[in-house]
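Contents: one structure, followed by commentary.
The values are calculated or read from the model by the stated rules, or taken from the named source; none is laboratory data. On a predicted model such as this, the values are computed, not experimentally measured, just so you know. Reconstructed Cβ throughout: ideal geometry from the backbone, glycine too, with neighbour counts over all protein chains shown.
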Amino acid sequence: MRKLRVIGFIGILLSMVLVLVACGGEAKNIAIGPAGSATNTVSKLILDAYGIEDYNAYEEGFGDAADGVQDGNIDISIGILGLPAASISNLQASAGDVKMLSLSKDAIAHIEKNSAYREFIIPKESYDFLEEDVTTVTAYAILMGNTDTISEELGYELAKVMIENSSEISHAQGAQMTLDNALNGLEDLPIHPGAAKYYQEQGLEFDNPIAELNVSEQPSELVLGTGSSGGTYYPLGGEMATVWNNNIDGINVTNRETSASLENLAAMRDGNMDLGMTVHGPAIDAVNGEGDFDAPIENVAFIGHIYPEIIQIVTREATGIESFDDLAK
């Protein structure tokens, strides 16, 4: 009887060892995006949805994180990207075994309850390595303007050129800047009076508050906050700046690499930036003084929609990770 108990105990131990081996047995290296970015915030929300606390956080832009995934130094990388994302296609071309993780229904319910993100299905046709659709969440990338430096006339021109000259943008996400999409992500945000005037002339309807301006003299040199060089914001923002410069007289827009949404909103608040690309959720938090913002930011307003921001989570087949459930306690 004692021998049977010992054998049974050994069997249990062996089963535990096999489980630990299958799951890696140690904290995984997860790229959650730069500190102060929307990627960082939503990554923590995703991990919280699964109850995952034991992991090594890498606060990298998606470009550097993808290099880490390829090298095997990062197990999972979470990014807010356009679809399809060239950085993911490039990673697959280099590594050859990229796997994209889906989110569970319970995780999505948790995320939707605690943020502005909503469920989104990535069609398997989006990437040649996908064998089935991927369930994730999405938000919207929008352009916010500093109401202390962007006049009504300039706000009108910025919105107008975004829509009417978007064909000059070669980046794939430029195709999303259409009149049909123009108000995506506006939700409860104040809208810049210049942008409001343009959209109303085009027959669009909204009942958002019109922001008050405090522009004493329109500066000619403007700074556009984007994101990390390996993501979508920076290259797309560079092309947007070029299109504005080519089509609006008397201004010069320079795109700046940043850690994206939160930094851009804070920089406009502090008077260090004129335009900022951001996810619409953090922008709403900024205006309301919620989330990562201790007090409302009163000098920012919506100018236009840029493209849908889709959470894309990648690993490699070599990690053996099938879902976040593998990491959950």
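Brief remarks follow.
- In segment 217-236, of all residues being closer than 18 Å to Glu157 by Cα and not in a strand (DSSP E or B), the one that is farthest from the chain's Cα centre (by Cα) corresponds to Glu217.
- Selection count, segment 99-127, where residues are within 22 Å of Gln176 (Cα to Cα), surrounded by fewer than 14 Cβ atoms within 10 Å (Cβ to Cβ) and over 19 Å from the mean Cα position of the chain (by Cα): 1
- Considering segment 220-230, and only residues there that are crowded, with 16+ Cβ neighbours inside 10 Å and out of contact with any strand residue (DSSP E or B) (no Cβ under 7 Å at 6 or more places or on another chain), the residue that is modelled with the highest pLDDT turns out to be Ser228.
- Filter pass, Ile306 being buried (at least 24 other Cβ atoms within 10 Å of the Cβ) and under 25 Å from Gly61 (Cβ atoms): yes
- Screening Asn208 with (1) touching an Asp or Glu at 6+ places or on another chain (Cβ under 9 Å); (2) under 30 Å from Gly63 (Cβ atoms); (3) of a type in the set (S, T, N, Q) gives one miss only, at (2).
- Segment 131-188, residues that are of a type in the set (Ser, Thr, Tyr) and touching a strand residue (DSSP E or B) at 6+ places or on another chain (Cβ under 8 Å): Thr135, Thr136, Thr138, Tyr140, Thr147, Thr149
- Positions within segment 285-295 being in contact with a helix residue (DSSP H, G or I) (Cβ under 6 Å, 6 or more places away or on another chain), assigned to a loop (DSSP other than H, G, I, E, B) and not charged (D, E, K, R), in sequence order: Gly291, Phe293
- Where Ser259 falls short, out of the listed (1) at pLDDT 95 or above; (2) out of contact with any strand residue (DSSP E or B) (no Cβ under 7 Å at 6 or more places or on another chain); (3) of a type in the set (Ser, Thr, Tyr): (1)
- You will find that of Glu205, Glu187, the residue that is part of a loop (DSSP other than H, G, I, E, B), at pLDDT below 95 and closer than 24 Å to Asn288 by Cβ is Glu187 and no other.
- Every test in (1) in contact with an Asp or Glu (Cβ under 6 Å, 6 or more places away or on another chain); (2) within 19 Å of Ser167 (Cα to Cα); (3) of a type outside the set (Lys, Arg); (4) not in a helix (DSSP H, G or I) is passed by Val243 save one, and that test is (4).
- Some residue of segment 19-36 being part of a helix (DSSP H, G or I), among the β-branched types (Val, Ile, Thr) and surrounded by fewer than 20 Cβ atoms within 10 Å (Cβ to Cβ): yes
- Strands (runs of 3 or more DSSP E) fully within segment 59-125 that include at least 2 residues being in contact (Cβ under 8 Å) with a residue 40 or more places away in the chain and more than 21 Å from Gly227 (Cβ to Cβ): 98-100.
- Residue count for segment 141-164, restricted to those that are surrounded by fewer than 24 Cβ atoms within 10 Å (Cβ to Cβ), over 24 Å from the mean Cα position of the chain (by Cα) and part of a loop (DSSP other than H, G, I, E, B): 3.
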